[in-house]
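Below: one structure, written as structure tokens.
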Amino acid sequence: MNKTLGLVDGAGKFVDVFSALNVKRAAQEGAKDVGDVHAVPFVLECKDVLRPAVPAWLGQAHVEAGHAGYPYGVVVHKVRRAAVARGRVHFGVRTWTRVRLALGLGAAEMRERYAFAPAVRGIASARWYLTTDLEHFTRLVADLRAAP
């Protein structure tokens with residue numbers, strides 16, 4: 001992600017090691033956990049499991065984003081033994097809507113531009129989420145950082 005965002009040089013070293021925009025693993029904080037990876041303005045809760053529990057993980061990501069002082073919490077899920085590049089990024093409906101509005105996009109344009117697919121689980125909207133791949137998520141991060 002750092003390479004795609006232009007934050008590392010050809011040797012893989014950070015261009016500015018002190019930049020708050022670098023995507024980095026966060027130090028664990030125990031009861032006040034701040035998520036696994038920080039990619040301003042997102043906290044990423046990363047999971048490598050066979051059986052996903054996305055709605056519960058999204059709740060965890062939201063709480064950890066609050067602990068870290070970031071506006072958005074999302075889940076990155078990779079199926080065990082699958083390539084990292086095949087990982088999926090899950091957004092709760094509220095987070096997806098807030099990001100969409102920050103970018104000034106309509107719902108259809110947001111889904112099309114960043115290849116989002118909805119996942120509706122039952123009638124409780126708290127269990128609904130939208131999913132994209134890591135490549136589109138990286139582009140979304142870059143666009144959100146560039147937004148006025």
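The values are calculated or read from the model by the stated rules, or taken from the named source; none is laboratory data. Since we're looking at a predicted model, the values are computed, not measured. For neighbour counting, all protein chains shown are included, and Cβ atoms are generated from backbone atoms with ideal geometry for every residue, glycine included. Note: accessible area is taken over every heavy atom of the protein model, side chains too, but ligands, DNA and RNA are not part of it. Shrake-Rupley method; radii C 1.70, N 1.55, O 1.52, S 1.80 Å.
Annotations for the structure displayed:
- Checklist (1) under 22 Å from Asn2 (Cα atoms); (2) outside any loop (DSSP other than H, G, I, E, B); (3) open to solvent by 20 Å² or more (accessible area, probe 1.4 Å) applied to Glu64, failing item: (3)
- Of the residues Arg100, Arg88, the single one that is charged (D, E, K, R), within 15 Å of Phe137 (Cβ to Cβ) and open to solvent by 70 Å² or more (accessible area, probe 1.4 Å) is Arg88.
- Residue list for the range 67-92, filter: assigned to a helix (DSSP H, G or I), under 20 Å from Glu135 (Cα atoms) and not charged (D, E, K, R): Val84, Ala85
- Neighbours by Cβ (under 6 Å, 6+ apart or cross-chain): first from the range 93-112, within 21 Å of Ala61 (Cα to Cα); second open to solvent by less than 50 Å² (accessible area, probe 1.4 Å) and assigned to a helix (DSSP H, G or I): Arg100/Met110
- Apart from one condition, Phe42 fits all of (1) at pLDDT 95 or above; (2) of a type outside the set (Gly, Ala, Ser); (3) open to solvent by 40 Å² or more (accessible area, probe 1.4 Å); (4) within 13 Å of the chain's Cα centre (by Cα); the exception is (3).
- Test: residue in the range 5-21 that is small (Gly, Ala, Ser), more than 13 Å from Leu134 (Cα to Cα) and within 16 Å of the chain's Cα centre (by Cα): no
- For the range 116-135, a residue qualifies if it is open to solvent by less than 40 Å² (accessible area, probe 1.4 Å) and either free of Cβ contacts under 8 Å to residues at least 40 places away in the same chain or closer than 11 Å to Pro55 by Cα (or both), and the qualifying residues are Phe116, Ala119, Tyr129, Leu130.
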